[in-house]
1. About its Cα centre, what dipole magnitude does the stretch 1-76 give when the only charges are +1 on Lys and Arg Cβ and -1 on Asp and Glu Cβ, stated in debye to the nearest 20?
2. Quick one: compute the contact order of the chain, relative version, from alpha carbon pairs under 8 angstrom and 6+ residues apart, as a percent.
3. Considering only C-alpha atoms, what is the centroid distance from the stretch 152-180 to the stretch 29-70, in Å?
4. What Kirkwood Rh does the stretch 48-89 have if only Cα atoms enter the pairwise 1/r average? Answer in Å.
5. Mind ranking 65, 179 by accessible surface for me, highest first, 1.4 Å probe?
6. So how exposed is residue 26, as accessible area in Å² (1.4 Å probe, rounded to 10)?
7. For residue 93, what is the net charge nearby, where nearby means another residue's Cβ is under 13 Å from its Cβ and Lys, Arg count +1, Asp, Glu -1?
8. Kindly work out what percent of the DSSP beta bridges joining two residues of the chain are antiparallel, to the nearest 5.
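The values are calculated or read from the model by the stated rules, or taken from the named source; none is laboratory data. All values reported here derive from a predicted model rather than from experimental measurement. Neighbour counts are summed over all protein chains in view; Cβ atoms, including those assigned to glycine, are modelled from backbone coordinates with ideal geometry. Note: accessible area is taken over every heavy atom of the protein model, side chains too, but ligands, DNA and RNA are not part of it. Shrake-Rupley method; radii C 1.70, N 1.55, O 1.52, S 1.80 Å.
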Amino acid sequence: MTEPTIFQRALAGQPLDFTGADFQEIDRTVQRTQELLKRFNNQDQTPEQRRTTLSQVVGYEVPASAEINAPLHSDFGPHIFIGEDVYINQDVMFTDLGGIYLGRGALIGPRATLITVNHLEDPAHRRDVQAKAIHIKDNAWIGAGAMILPGVTVGQNAIVGAGAIVTKDVPANTVVVGSPARVLRRIKGAPAAD
């Protein structure tokens with residue numbers, strides 16, 4: 001099934017008119033996702049039931065090697081792309097309309113927040129949104145309570161320290177900390193920089 005055009009525009013980073021008739025497609029998806037996440041976050045569900053429910057949220061079969069803990073939060077749902085061996089800890093928030101891509105072996109710490117949506121600066125269009133994808137590359141680790149903002153790529157093997165606010169791309173094989181996040185050092189044992 002092909003995604004509605006407005007979803008495709010969101011993934012392409014185009015501005016979206018909040019008052020447009022097609023924005024209702026987003027609202028319907030949000031409502032469906034919230035109902036499914038209530039089920040996912042129910043403590044009575046087995047890991048297999050949770051995987052099935054999350055697969056309904058994202059629209060594809062979540063890899064069996066991925067481990068996603070409840071509670072999990074999302075304001076949209078279908079634009080979360082989970083790779084093999086991904087680990088998502090408790091209480092993570094995905095604002096995923098612009099696309100969140102989790103590479104193989106990515107680790108997401110508890111209470112991390114990944115936000116792909118921003119409102120427009122122009123007061124006349126403040127309710128309109130523009131989405132920009134987040135890419136968490138293979139084996140990257142997002143620490144507890146970290147916040148990743150729209151359009152950021154966290155490079156392969158990188159570590160985002162707990163509580164960091166990441167406003168720009170994180171180079172591969174580095175550790176970033178702080179607000180806004182800045183490079184602290186290279187990963188110990190990482191290959192030499194190109």
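1. 140
2. Numbers: 510 pairs, mean separation 26.9, N = 194.
With pairs under 8 Å counted, the relative contact order is 14 percent.
3. Using only Cα atoms, the two centres lie 27 Å from each other.
4. Values: mean 1/r = 0.0964 Å⁻¹.
Taking every pair of different Cα atoms in the stretch 48-89, averaging 1/r and inverting gives 10.4 Å.
5. Numbers: 65 50, 179 85 Å².
Sorted by accessible area, descending: 179, 65.
6. 10
7. Details: positive: 111; negative: 75, 91, 96.
Spelling it out: positives minus negatives among the neighbours equals -2.
8. Details: 8 of 37 bridges.
Of those bridges, close to 20 percent are antiparallel.
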